[in-house]
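What follows is a set of notes on a single structure, which appears directly below.
The values are calculated or read from the model by the stated rules, or taken from the named source; none is laboratory data. Everything numeric in this text was worked out from a predicted model, so none of it was measured. Reconstructed Cβ throughout: ideal geometry from the backbone, glycine too, with neighbour counts over all protein chains shown.
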Amino acid sequence: MFSFSVTVLVLIQVIATSGGQSVSDERNQQTCVSAGVPGVPGVNGSPGRDGMKGETGKNGEKGLVGDDGGQGIKGEKGRKGEKGIKGERGLVGDVGGKGNAGKIGPQGPKGPQGIKGETGRKGEKGEAVTLNWKQCVWYRDDSKDSGLIQNCNFRKHDSNSALHIGYAGTLRVLCSSRTCCSRWYFTFNGNECSGPMTIEGIVRGDPANDNPHRHRQIEGYCENIPAGQVTIGFNIGKCKGYSTTYDGWTGYLSASRIMIAEVPPSQK
């Protein structure tokens with residue numbers, strides 16, 4: 001577009017120049033005029049407007065589908081990554097609420113019966129043990145302060161055995177102006193037990209007590225007594241450390257009894 005404008009401008013200058021010379025020649029036919037210096041080229045004209053946009057061309061035909069490419073080469077296996085740093089231990093979570101009680105399911109089927117075990121061996125026959133025992137009972141009040149209260153005869157079967165002796169009944173001691181004490185004890189054929197020690201009991205009183213009849217029990221084991229007839233006596237006397245006897249009482253509105261049983265010797 002720019003070249004076209006320059007060409008038109010040149011043609012206009014040529015035509016103008018030619019016309020001017022013709023007039024001059026007519027006026028100055030006799031004058032010899034020399035050619036002048038060429039004029040300065042004119043300023044370029046402004047660019048012309050853009051031409052109209054051409055129509056959109058038609059789409060070309062679809063090309064043929066190319067062949068599938070071959071499978072690429074399998075890449076090498078990457079290196080194993082380094083082990084990560086162990087994370088910090090998390091905070092302990094809140095305690096969960098108590099869960100609902102589970103529903104009890106139906107009872108399972110009964111399992112098969114187990115194999116019957118072998119019959120155990122028959123145990124050895126044990127030795128028959130017959131307890132040799134006796135009691136002597138009386139119902140009376142006895143106001144003795146010293147001496148024998150009651151005898152009870154017993155047949156002992158084994159020299160190696162021991163005798164379990166006991167008294168059960170009411171005992172009391174009465175004081176007048178100072179403390180008092182009475183002692184009840186057992187004898188075996190007239191002697192107190194020495195295997196291992198005496199079988200006895202005491203009742204201590206003072207003037208403030210008002211005739212204190214109480215149920216009491218005295219018992220123990222005596223060893224080293226030969227087999228055969230044994231006379232067991234229940235007696236009353238003074239306490240150790242007291243110089244005299246006091247107003248003792250044995251039995252009161254109730255039964256009194258001596259209980260005897262022959263038992264195996266004690267373990268060593």
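Residues in segment 219-241 that are assigned to a strand (DSSP E or B), surrounded by fewer than 15 Cβ atoms within 10 Å (Cβ to Cβ) and without any contact (Cβ under 8 Å) to a residue 60 or more places away in the chain: 219 only.
Exactly one residue out of 244, 198 is without any contact (Cβ under 8 Å) to a residue 24 or more places away in the chain, outside any strand (DSSP E or B) and touching a Phe, Trp or Tyr at 6+ places or on another chain (Cβ under 9 Å): that is 198.
Answer yes or no as to whether residue 211 is in contact with a Leu (Cβ under 9 Å, 6 or more places away or on another chain) and at pLDDT below 95. Considered against the rule, which asks whether it is in contact with a Leu (Cβ under 9 Å, 6 or more places away or on another chain) and at pLDDT below 95, residue 211 comes out as yes. The residues of segment 170-198 that are on the phi > 0 side of the Ramachandran plot and surrounded by 12 or more Cβ atoms within 10 Å (Cβ to Cβ) amount to a single one, 189.
Between a residue in segment 169-195 that is closer than 16 Å to residue 217 by Cα and any residue that is aliphatic (A, V, I, L, M) and not in a strand (DSSP E or B), which pairs come within a Cβ distance under 6 Å, given they are 6 or more apart or on different chains? Matching pairs, first to second residue: 186/199. Just checking, does segment 118-129 include any residue being at pLDDT below 95, among the aliphatic types (A, V, I, L, M) and closer than 21 Å to residue 264 by Cα? Yes; the residues of segment 118-129 include at least one that is at pLDDT below 95, among the aliphatic types (A, V, I, L, M) and closer than 21 Å to residue 264 by Cα. Among residues that are closer than 19 Å to residue 134 by Cα, part of a loop (DSSP other than H, G, I, E, B) and touching a residue at least 40 places away in the same chain (Cβ under 8 Å), residue 212 is not included.
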